[in-house]
1. Looking at (1) surrounded by fewer than 16 Cβ atoms within 10 Å (Cβ to Cβ); (2) farther than 20 Å from residue 93 by Cβ; (3) under 32 Å from the mean Cα position of the chain (by Cα), can you tell me which one residue 48 breaks?
2. Does region 208-220 contain at least one residue that is in contact with a strand residue (DSSP E or B) (Cβ under 9 Å, 6 or more places away or on another chain) and closer than 30 Å to residue 130 by Cβ?
3. What number of residues within region 111-142 satisfy the criterion of being aliphatic (A, V, I, L, M), surrounded by fewer than 18 Cβ atoms within 10 Å (Cβ to Cβ) and either at pLDDT 95 or above or out of contact with any His (no Cβ under 9 Å at 6 or more places or on another chain) (or both)?
4. Among (1) under 21 Å from residue 246 (Cα atoms); (2) touching a residue at least 40 places away in the same chain (Cβ under 8 Å), there is one condition residue 153 misses while meeting the rest; what is its number?
5. Identify, please: which residue in region 148-177 is polar (S, T, N, Q) and at pLDDT below 95 and is, among those, nearest to the chain's Cα centre (by Cα)?
6. Mind listing whichever residues of region 191-213 are in contact with a helix residue (DSSP H, G or I) (Cβ under 6 Å, 6 or more places away or on another chain) and charged (D, E, K, R)?
Amino acid sequence: PKTKRLQFMAGARVPDPPIVGKVTSHSIALYWKEADHAHTYLIQERDKTSLGSFVTVYEGAESHCLCTGLKPGSEYHYRLKIVNNNNNNSNSPDSDWSQAITVSTTRQTMSCDNLHKAITADDVNSIKVILESDPQFIDIPDINGLSPLMAAAKKGRVRIVELLLSFGADVEYCNTAGKTSLMEASYHGHNECIRLLHSAGALWSQCDLSGMSVLHWAVDGEQAETVEYLINEGIPVDVVFDSTVSEWTPLLRLSATNGNTAIANILISNGADVNRRDKEGQTPLMFACLGGHKDLVHLLLKYNCCTTIKSKHDKTAIDFAALFGRE
């Protein structure tokens, strides 16, 4: 980085200015002489737009600090002061401020777009280079609201998921709909990505803004192996995490959407309640009749679902079938 000194008036005891360490487009590392607990070290920062005013950015007993949140390609000034923690020792007064140094952050040669393009291309080496040059890209979403980890989980890029996690990617990051990386992996049936994310701290219990859990998303994606995997991992087959939305279990959700009988059979054989009712009193059989899912209707009847239950609107499954012309 480009470094120069600014001249200003100094007192009787002036410390050496801080030493510049690693500089990125968003951060500057500073060092000074070996610290001791008898002193407190102050670092102040000033940028070109602050009209000459320094602001304290570090105060402590360490011999280094990292100044973050900086703008790429911008000039910053730093100065150091040493404060004596023993105020009674007149032989060791506080120092004056050191000479100020000027450091420019690097220009931002990479962007979050580069990172997302590398994920799409399955380019592990480029991803590593980008994140080493600027780790702050790690959780920046693309134009679709997907964080890098969400994008990698969606595509089943196992090596990239591992790499992003090693750089500290947020496993609980969610988009504006509340969808997480774990939900993306579940919807697309990437079981190894699911395992990695859960091992890194992703919660089975998290749901999106519509009340959908990871098991709901696997059902929506018609991922039979993933549904079995999640149930074997201990997710309740009739999971409902948000009672303020629809109170749809995975089986209710399936009956109202894709009607996949293979997945319905997995859910029911693992204990899913075939007579579970949502907030409107509607059952899986009602939704199957409403959607014209004949195979699902036969499966539910095979498992002895009740045909006489009425919804809050006093309608049975047969009424739903007749109402919408389902034979």
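1. Of everything listed in (1) surrounded by fewer than 16 Cβ atoms within 10 Å (Cβ to Cβ); (2) farther than 20 Å from residue 93 by Cβ; (3) under 32 Å from the mean Cα position of the chain (by Cα), residue 48 misses just condition (3).
2. Yes, region 208-220 contains at least one residue that is in contact with a strand residue (DSSP E or B) (Cβ under 9 Å, 6 or more places away or on another chain) and closer than 30 Å to residue 130 by Cβ.
3. Step one: filter region 111-142 for residues aliphatic (A, V, I, L, M), giving 115, 118-119, 121, 124, 127, 129-131, 138, 140.
Those left that are additionally surrounded by fewer than 18 Cβ atoms within 10 Å (Cβ to Cβ): 121, 124, 129, 140.
Checking which are either at pLDDT 95 or above or out of contact with any His (no Cβ under 9 Å at 6 or more places or on another chain) (or both) leaves us with 121, 124, 129.
Summing the residues that are aliphatic (A, V, I, L, M), surrounded by fewer than 18 Cβ atoms within 10 Å (Cβ to Cβ) and either at pLDDT 95 or above or out of contact with any His (no Cβ under 9 Å at 6 or more places or on another chain) (or both) in region 111-142 gives 3.
4. With respect to (1) under 21 Å from residue 246 (Cα atoms); (2) touching a residue at least 40 places away in the same chain (Cβ under 8 Å), residue 153 is out only on (1).
5. 175
6. Result: 192, single match.
Matching residues to (1) within 26 Å of residue 310 (Cα to Cα); (2) in contact with a helix residue (DSSP H, G or I) (Cβ under 7 Å, 6 or more places away or on another chain):
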position: 215; (1), (2): no, yes
position: 218; (1), (2): no, yes
position: 238; (1), (2): yes, no
position: 257; (1), (2): yes, yes
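Yes/no per residue for (1) among the aromatic types (Phe, Trp, Tyr); (2) modelled with pLDDT of 90 or more; (3) under 12 Å from residue 63 (Cβ atoms):
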position	(1), (2), (3)
5	no, no, no
8	yes, no, no
12	no, no, no
23	no, yes, no
28	no, yes, no
33	no, no, yes
36	no, no, yes
39	no, no, yes
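The values are calculated or read from the model by the stated rules, or taken from the named source; none is laboratory data. Since we're looking at a predicted model, the values are computed, not measured. Note: ideal-geometry Cβ built from the backbone for every residue, glycine included; neighbour counts use all protein chains shown.
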